[in-house]
Every structure is written in C-alpha cells, then in structure tokens.
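Asker: Input: one structure, supplied below.
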Amino acid sequence: MKEQEIDRIATMIYEAPLGEYIGREGAGILAEHVASERRLMGDEFLYRKGEEARSFYIVTEGRLALVRERNNVGKEIIVHVLEKGDLTGELSFIDQLPHTLSARALGEAAVLCFDADDIKPLITEHPTLIFNFMRAVIKRVHTVVATVGEHEMELRQYIATGGRGRG
C-alpha cells in the first residue's frame, strides 16, 4: 500500500472514537495492517449471526444496522445503528465466538476490515497499541451496559406506573 493511502486510512482511524485511545501513531500502525476497504450496497450483510469472526471493522461511510434476524417470519429487529467511526465485530473477534447479531448496510456504506492474521502479530510487536485498543473496546462495552441499565430502569418505572409516567 502506498504511503499516501496509509495516511488517508490512518486519518480515518484517528478521527474515529478509537483514535482517542490509540493516538495518531497507533492509527498509523493499524492503517498499515488494514486488510481491505469494503463497500456495501444497501441491505447487503457485512456478516451474519452465527458466522465465525475472523475480522473486525470500522465504519467509514454510511450506516450499518445490527439486527436480530427472525427465521420463522423472515422479519428482523434493528438492535442498534452504527455510524461513521464505530467499531463492529470486535467482541466476536476478541472472544473468538460466532457473531450474535447480523450487520446489514442501511443504504450504501463502507468499512475498513482488519483480519486476525494481520492483527495478531501486533500483540507482541506493539503491545501498548493493543492494550489501548482493548481499553477502547471495554469503554464501549461499559457504555452499552450503562445504557441498557438505564433503559431497564425506565421500563420498570413505566410498568410500575401503568404507563402513566414517572408519578
């Protein structure tokens, strides 16, 4: 990959929330290890529930929906919408378990793809970068857990008041 292309990709990584944790230097190192850029057409799946996770991704254009597919009626539930800069697939990449949700493009979208074979050497070559990457992932998990907890409390309150508000 040409230096100009690495710079362009490093800027995308650095400008994503991940950049706050890995810095400009870390973004440059990750840019050198990008396996590919992938463009998705509307409704195209990036990955499906149950598939083995060999990669994680950063959304660079458009939006992706994390969806729970319903096999019996063919409908799906959108669990979360990912925007530019968001990571996806990183938890399954780390714990090496199959994806628990599917990721589908909402309109045209693009992602940077990081494959395990390209990233694993960084564990010994750049352990601080990997540690900081893990910090970013853990921060995201904490945020999701806190949000789910808040929604659960709101739902309990709604049920307790019979839907009449916070009475």
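The values are calculated or read from the model by the stated rules, or taken from the named source; none is laboratory data. Since the structure is predicted, the reported quantities are computational estimates derived from the model, not experimental observations. Cβ coordinates were reconstructed from backbone atoms using ideal geometry, including for glycine residues, and neighbour counts include every protein chain displayed.
Asker: Could you give every pair whose Cβ atoms fall below 8 Å, whose first residue belongs to the range 124-141 and is free of Cβ contacts under 8 Å to residues at least 40 places away in the same chain and closer than 10 Å to GLY26 by Cβ, and whose second residue is among the hydrophobic types (A, V, I, L, M, F, W, C) and in a helix (DSSP H, G or I), counting only separations of at least 6 or pairs across chains?
Answerer: Final answer for the pair search is ILE130/LEU122; ILE130/ILE123.
Rundown of residues vs (1) within 16 Å of HIS33 (Cβ to Cβ); (2) of a type in the set (Lys, Arg); (3) touching a Leu at 6+ places or on another chain (Cβ under 7 Å), yes/no style:
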{"position": "ILE123", "(1), (2), (3)": "yes, no, no"}
{"position": "PRO127", "(1), (2), (3)": "yes, no, no"}
{"position": "ARG135", "(1), (2), (3)": "no, yes, no"}
{"position": "VAL141", "(1), (2), (3)": "no, no, no"}
{"position": "VAL144", "(1), (2), (3)": "no, no, no"}
{"position": "GLU150", "(1), (2), (3)": "no, no, no"}
{"position": "MET153", "(1), (2), (3)": "no, no, no"}
{"position": "ARG156", "(1), (2), (3)": "no, yes, no"}
{"position": "GLY162", "(1), (2), (3)": "no, no, no"}
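Asker: Which residues, taken from the range 1-16, are surrounded by 14 or more Cβ atoms within 10 Å (Cβ to Cβ) and either β-branched (Val, Ile, Thr) or not in a helix (DSSP H, G or I) (or both)?
Answerer: ILE6, ILE9, THR11, ILE13, ALA16
Asker: From GLY149, GLY162, which residue is over 28 Å from MET41 (Cα atoms) and part of a loop (DSSP other than H, G, I, E, B)? Please lay out each step first, then the result.
Answerer: Working: GLY149 fails: part of a loop (DSSP other than H, G, I, E, B).
The conditions single out GLY162.
Asker: Please go through the range 24-36 and give me each residue that is surrounded by 15 or more Cβ atoms within 10 Å (Cβ to Cβ) and touching a residue at least 60 places away in the same chain (Cβ under 8 Å), ordered by number. Walk me through how you get there before you give the answer.
Answerer: Residues of the range 24-36 that are surrounded by 15 or more Cβ atoms within 10 Å (Cβ to Cβ), as a first pass: 26-31, 33-35.
Result: GLY26, ILE29, LEU30, HIS33, VAL34, ALA35.
Asker: Just to be sure, is ALA109 modelled with pLDDT under 95 and over 17 Å from ARG140 (Cα atoms)? Working first, answer last.
Answerer: Numbers: modelled with pLDDT under 95: no; over 17 Å from ARG140 (Cα atoms): yes.
So ALA109 fails the test.
Asker: Looking at the range 37-51 only, could you name the residues that are surrounded by 13 or more Cβ atoms within 10 Å (Cβ to Cβ) and either of a type outside the set (Lys, Arg) or under 24 Å from MET1 (Cβ atoms) (or both)?
Answerer: If we filter the range 37-51 for residues that are surrounded by 13 or more Cβ atoms within 10 Å (Cβ to Cβ), which is where we start, we get 37-40, 44-49, 51.
Of everything in the range 37-51, those that are surrounded by 13 or more Cβ atoms within 10 Å (Cβ to Cβ) and either of a type outside the set (Lys, Arg) or under 24 Å from MET1 (Cβ atoms) (or both) turn out to be GLU37, ARG38, ARG39, LEU40, GLU44, PHE45, LEU46, TYR47, GLU51.
Asker: Within the range 46-101, restricting attention to residues that are assigned to a strand (DSSP E or B) and among the small types (Gly, Ala, Ser), which residue is farthest from the chain's Cα centre (by Cα)?
Answerer: Going residue by residue through the range 46-101, those that are assigned to a strand (DSSP E or B) are 46-47, 55-69, 76-82, 87-88.
Checking which are among the small types (Gly, Ala, Ser) leaves us with 55, 62, 65.
Working: SER55: 11, GLY62: 13, ALA65: 11 Å.
Among those that are assigned to a strand (DSSP E or B) and among the small types (Gly, Ala, Ser), it is GLY62.
Asker: Follow-up question, since we're still on this one. Among the residues of the range 1-23, write down those that are acidic (Asp, Glu), without any contact (Cβ under 8 Å) to a residue 24 or more places away in the chain and closer than 14 Å to LEU112 by Cα. Steps first, answer last, please.
Answerer: Filtering the range 1-23 for residues acidic (Asp, Glu) gives 3, 5, 7, 15, 20.
This time we only want the ones that are without any contact (Cβ under 8 Å) to a residue 24 or more places away in the chain, so: 3, 5.
Selection gives GLU5 alone.
Asker: Looking at ILE119, ILE78, ILE138, ILE159 in this structure, which one is among the β-branched types (Val, Ile, Thr), closer than 20 Å to SER55 by Cα and surrounded by fewer than 17 Cβ atoms within 10 Å (Cβ to Cβ)?
Answerer: Working: ILE119 fails: surrounded by fewer than 17 Cβ atoms within 10 Å (Cβ to Cβ); ILE78 fails: closer than 20 Å to SER55 by Cα; ILE159 fails: closer than 20 Å to SER55 by Cα.
Going through ILE119, ILE78, ILE138, ILE159 in turn, the sole match is ILE138.
Asker: To continue, here is another question. Here are some conditions: (1) out of contact with any strand residue (DSSP E or B) (no Cβ under 6 Å at 6 or more places or on another chain); (2) outside any helix (DSSP H, G or I). GLY42 meets all but one. Which one does it not meet?
Answerer: (1)
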